[in-house]
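The values are calculated or read from the model by the stated rules, or taken from the named source; none is laboratory data. Keep in mind that this is a model prediction, so the values were computed, not measured. Cβ atoms come from the backbone with ideal geometry, glycine included; neighbour counts cover every protein chain shown. To get the accessible areas, we keep the full protein, side chains included, count just its heavy atoms, and leave off ligands, DNA and RNA. Shrake-Rupley method; radii C 1.70, N 1.55, O 1.52, S 1.80 Å.
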Amino acid sequence: MNSTWTDIAASSASAMGLIAAGVVIVALLLGAFVLGARIRRREPRPPRPEEQPRVPDEGPVREVLESREPDEVPRGDTRLTPHELPGHGNSPSRSAPSKPRPRWREGGSGSFGSGGPGVG
């Protein structure tokens, strides 16, 4: 019996399997593309320039820069759970008197080992 024909048959079967796997992968990719296009068509269109948000007539909204200090936690004999705290566990705060911000000393480097002049 000649084993050459069985080798050829085995190699052609594996080649057919690889081709079939390639066709399945291509079909899955095409299906994903079609599905993505359908989903994209159902999404709302992007807003036109005249539909974009506008700055209010009184101008842009500004940040409020102020110092805040936290409220104290109520003292008691028992441990408090978050729902027993004021603000339901959110840390309340109130305005604090304005204090100057701490600054570095003149001639200081500003950070340890930053390569500054080393004076001070």
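Name the trypsin sites (Lys or Arg not before Pro) in segment 18-86 that are in a loop by DSSP and that have at most 14 other C-beta atoms within 10 Å, would you?
Numbers: sites: ARG38, ARG40, ARG41, ARG42, ARG54, ARG62, ARG68, ARG75, ARG79; in loops: ARG54, ARG62, ARG75, ARG79.
Here the sparse-neighbourhood loop sites are ARG54, ARG62, ARG75, ARG79.
Accessible-area rank, largest first, for GLU63, GLU84: GLU63, GLU84, with all protein chains present and a 1.4 angstrom probe.
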